[in-house]
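Notes for the one structure printed next.
The values are calculated or read from the model by the stated rules, or taken from the named source; none is laboratory data. All values reported here derive from a predicted model rather than from experimental measurement. Cβ placement follows ideal geometry from the backbone for every residue including glycine, while neighbour counts extend to all protein chains displayed. Side chains are part of the model used for accessible areas, which takes the heavy atoms of the whole protein and leaves out ligands, DNA and RNA. Shrake-Rupley method; radii C 1.70, N 1.55, O 1.52, S 1.80 Å.
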Amino acid sequence: MKRLAITNNEIKDLTEYVMKKLEDAAKNDIEAFKIEKNEVSKQLKEIDPKKIVKPIVQITPEAYIEMIEYVRQSPVEISWHGLVHKDENIYTIYNTLLFPQENTAASTETDDEEFAAWQTALIEDVSFPIQDLRLHGHSHAHIDVFSSATDDKYQAELVRKIDDGDYYIFLILNKQNDMVCLLYDYEQNIMFETKDIDIRVVDLNGENMLENI
């Protein structure tokens, strides 16, 4: 669990701190201008676990089976997007979509032109719930699940487009059905990791299928 961004209030406090330092230096000596790291850190509020609402990522059996089948049937890495419905702190992944991609045993990439055409077709389809397209998943075909440096870079680029108050989910699966889940929650200004999230695959009886895996 970690903070996602500096808030507007924190930017205001940091600006006031730096301006005060500049004013003091102008009145005295430029040599006196020094920004203390500890003082800057004080302007950034620490995460208060008591104020954080724990997220629940709930995957429908259909969506879960689709994802594990993508991974099982592909001899190389593979990626997909997913549809998510949010109700308070419950994020329900209810459908997945494959998109044009080029994959190897160690990477999964898209052709910009082909992906743009695929995305445009979805946007122009008035029956498609484009507002629910808030998940990116991919596989690690033959290694453990973890967010690699390449994964971190991709996530950072994608979430730059996310507005305040919105969210995005990243999943990484492998052939052993291991899973990493990262939830970027811009409403709480928190990036939740797998250990911070209640992950469920709920069957028709309301049972969590993951407890039996």
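Observations
- 0 to 90° range, to nearest 10: angle between helix 112-124 axis and the chain longest Cα axis: 80
- Computed lengthening from L97 to M209, 0.36 nm per intervening residue step minus Cα-Cα distance: 38.1 nm
- Surface accessible to a 1.4 Å probe, per residue, for the residues of the chain, Å²: 62
- Distant-in-sequence amide H partners of L135 (H built 1.01 Å from N, under 5 Å): G82, I169
- Rounded to 10°, Cα long-axis angle of helix 8-27 versus longest principal axis of the chain: 30
- Under-5 Å amide H pairs with V57, H placed in peptide plane, nonlocal only: Y91, D198, I199, R200
- Relative to the longest principal axis of the Cα atoms of the chain, the long axis of helix 149-159 makes an angle of roughly 80 degrees.
- Counted over the stretch 49-149 with a bin width of 5 Å, the fraction of Cα pairs per bin, in whole percents, is 2, 11, 18, 20, 20, 16, 8, 4, 1, 0.
- Average projected area [Cα convex hull, the chain], square nanometres: 16.0
- Largest first, the extents of the alpha carbon coordinates of the stretch 72-126 on the three principal axes equal 38, 29, 16 Å.
- FRET E, pair E69, E187, Förster distance 30 Å, beta-carbon r, rounded to 0.05: 0.40
- Element breakdown for the stretch 121-174 at a 1.4 angstrom probe: carbon and sulfur atoms account for 53% of the accessible area.
- Separation of the alpha carbons by more than 32 angstrom is noted, of K12/K54; K54/K175; K2/K175; K21/K161, for K21/K161.
- With all pairs of different C-alpha atoms in the average, the Kirkwood value for the hydrodynamic radius of the stretch 130-213 is 14.1 Å.
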